[in-house]
Amino acid sequence: DAGKGEYDHYMLKEINNQPTSLANTIEGRIKDGDVAFESLPPGSFDDIDTVQFVACGTSYHAAMYGAQLVREAGLRTEVLRASEYESTSGPVDENTLVIAVTQSGETADTLDAVRKATECGARSLAVTNVVGSTAAREADDAIYIRAGPEVGVAATKTYSSQAVTLALLTQRIAADVPEGTPADDRGEMLEALEDLPKHVETVLETSRAEALARDVFGSKSYFFIGHGLGHSVALEGALKFKEITYEHAEGFAAGELKHGPLALVTEETPVFAVSTGSDSDSKTKTNAIEAQSRGAPIVAVGPDDQSLVDVADDHLSVPDTHPVWAGLLANVQLQLLSYYAARQLDRPIDKPRNLAKSVTVE
Ligand code: G6P
């Protein structure tokens, strides 16, 4: 199963593999309505009071996702770009857990940040796809995202598996840490997670991303906005788009549009607005309307019943689910959008110019 099979590109194969990769990520990790990691039994985190995430690229966006959930669970947390670790990290001591989020487990900046944290006494945990990788070997503990090998340089299935692994890990940590409060609706959230592979399948079967990529083709710039968990998805959507299309794309916190980027908005800058079905979607809607009134076409990316859909010019729909997972479904739509846009431009999708799957230099 190592080849491209029926697909023209590894990236498309890997996007389509997500129902299976996510099922593997989840398997055995929900037991009796609770989260279980074999290597991290209850009590593993009872001396932790701060969680730091360090990562690069797509893994950084998954780390943002994880950090928001850790924050919501009542813990102090930071999410740091590994290459900026020294200049952005808060105080670190033996009660700090540093989580390296790295698909390959070999990214030099991430390894270096973890080494710096552990020199200050932090305990380290690698969240990686590669068994036996440097991150897994060097960290005090490792958990695997189990996405299977990813060949396309642009990360797709590993992002969704990272985000799910971090969401589960958060519940595990929150149960141990004295200040932690596992989500009130944890049961509902975990139940919805078991349906996530099926929902991804629905997105893959029904997506209009290919047609939409044709419609928006030829624009000057492509903007992606979102709030809360939707913010990290917007950043990831823009990163994927620029990596493989070579077109200019940027992701913004929806509320930041009005603090600068709005000056760039015209009818030639489609705005993809990510919604997750949470209360904060109303903010994203307000910000999307601000862009729309300057002529930008708005594409809502998220569940059908959002009021954003009523004002948007187009919609990439995802099945209704718990707000914690909706962003991951929106992200599958954005992966497809990038893929089909790059295809129209005849880009070398699996090996974009100047980029490497794993960057082992600082
Ligand atoms: C490279 C890849 C990105 C990846 C980043 C971090 O830049 O091109 O797709 O997100 O490295 O890689 P890691 O293996 O640490 O997740």
Meets criteria (touching a helix residue (DSSP H, G or I) at 6+ places or on another chain (Cβ under 9 Å) and over 22 Å from S317 (Cα atoms)) for E247: yes
Have a look at S232, S161 and point out the one that is buried (at least 24 other Cβ atoms within 10 Å of the Cβ), assigned to a helix (DSSP H, G or I), touching a His at 6+ places or on another chain (Cβ under 7 Å) and modelled with pLDDT of 95 or more. S232
Given (1) at pLDDT below 95; (2) under 30 Å from D184 (Cα atoms), A356 misses just (2)
Output the residue which, of all residues in region 8-44 that are surrounded by fewer than 18 Cβ atoms within 10 Å (Cβ to Cβ) and among the acidic types (D, E), is nearest to the ligand (Cβ to nearest atom). D8
Test set (1) out of contact with any Pro (no Cβ under 7 Å at 6 or more places or on another chain); (2) of a type in the set (V, I, T); (3) buried (at least 24 other Cβ atoms within 10 Å of the Cβ) - V318 fails condition number: (1)
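Within region 329-362, count every residue that is within 16 Å of the ligand (Cβ to nearest atom) and either on the phi > 0 side of the Ramachandran plot or not in a loop (DSSP other than H, G, I, E, B) (or both). Break it down into steps so the answer makes sense when it comes.
Here is the first cut: in region 329-362, the ones within 16 Å of the ligand (Cβ to nearest atom) are 331, 334-335, 338-339, 342, 347-362.
After this cut, where a residue has to be either on the phi > 0 side of the Ramachandran plot or not in a loop (DSSP other than H, G, I, E, B) (or both) as well, the list is 331, 334-335, 338-339, 342, 354.
Adding up the residues that qualify gives 7.
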Six or more apart or on different chains, Cβ under 8 Å: which pairs go from a residue in region 346-362 that's more than 20 Å from T158 (Cβ to Cβ) to one that's more than 10 Å from the ligand (Cβ to nearest atom)? Could you list them? R347/I244; R347/T245; R347/Y246; R353/Y246; E362/S83; E362/D112
From the list I15, I99, I48, exactly one residue is part of a helix (DSSP H, G or I) and touching a Leu at 6+ places or on another chain (Cβ under 9 Å). Which is it? I15
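Go through region 117-129 and count every residue that is touching a Pro at 6+ places or on another chain (Cβ under 9 Å) and within 14 Å of the ligand (Cβ to nearest atom).
In the first step, residues of region 117-129 are kept if they are touching a Pro at 6+ places or on another chain (Cβ under 9 Å); the result is 120, 129.
This time we only want the ones that are within 14 Å of the ligand (Cβ to nearest atom), so: 129.
Final tally of qualifying residues: 1.
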Just to be sure I understand, how many residues within region 128-155 are in contact with a helix residue (DSSP H, G or I) (Cβ under 8 Å, 6 or more places away or on another chain) and touching a residue at least 60 places away in the same chain (Cβ under 8 Å)? 12
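Quick check on region 45-92: of everything there that is among the polar types (S, T, N, Q) and either touching a residue at least 12 places away in the same chain (Cβ under 8 Å) or surrounded by 21 or more Cβ atoms within 10 Å (Cβ to Cβ) (or both), which residue is farthest from the ligand (Cβ to nearest atom)? Full working, then the answer.
At the first step, the residues of region 45-92 found to be among the polar types (S, T, N, Q) are 50, 52, 58-59, 68, 77, 83, 87-89.
Right, trim to either touching a residue at least 12 places away in the same chain (Cβ under 8 Å) or surrounded by 21 or more Cβ atoms within 10 Å (Cβ to Cβ) (or both) and you get 50, 52, 58-59, 68, 77, 83, 89.
Values: T50: 22, Q52: 16, T58: 4, S59: 4, Q68: 19, T77: 19, S83: 11, S89: 18 Å.
The qualifying residue farthest from the ligand (Cβ to nearest atom) is T50.
Limited to region 188-247, what total is found for residues that are among the hydrophobic types (A, V, I, L, M, F, W, C) and without any contact (Cβ under 8 Å) to a residue 40 or more places away in the chain?
Looking only at that region, the number is 2.
Mind listing whichever residues of region 102-116 are surrounded by 24 or more Cβ atoms within 10 Å (Cβ to Cβ) and either away from the ligand (no atom under 12 Å from the Cβ) or not in a loop (DSSP other than H, G, I, E, B) (or both)? Let's see the steps before the verdict.
Here is the first cut: in region 102-116, the ones surrounded by 24 or more Cβ atoms within 10 Å (Cβ to Cβ) are 102-103, 105, 107, 110, 113-114.
Listed by number, the residues that qualify are T102, T110, A113, V114.
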Test of understanding: among T276, T284, T269, which residue is of a type in the set (S, T, N, Q) and either more than 24 Å from the chain's Cα centre (by Cα) or more than 12 Å from H227 (Cβ to Cβ) (or both)? T269
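Limited to region 290-321, what total is found for residues that are out of contact with any Ser or Thr (no Cβ under 6 Å at 6 or more places or on another chain), not in a helix (DSSP H, G or I) and not polar (S, T, N, Q)? Break it down stepwise before answering.
The initial filter retains those residues of region 290-321 that are out of contact with any Ser or Thr (no Cβ under 6 Å at 6 or more places or on another chain), namely 290-294, 297-301, 303, 305, 307, 309-318, 320-321.
Checking the rest, the ones that are also not in a helix (DSSP H, G or I) come to 293-294, 297-301, 303, 305, 312-318, 320-321.
Filter once more, so that each one left must be not polar (S, T, N, Q): 294, 297-301, 303, 305, 312-316, 318, 320.
Qualifying residue count for the region: 15.
The values are calculated or read from the model by the stated rules, or taken from the named source; none is laboratory data. Here the structure is a predicted model, which means the values were calculated and not measured. Here Cβ is always computed from backbone atoms with ideal geometry, including for glycine, and neighbour counts include all displayed protein chains.
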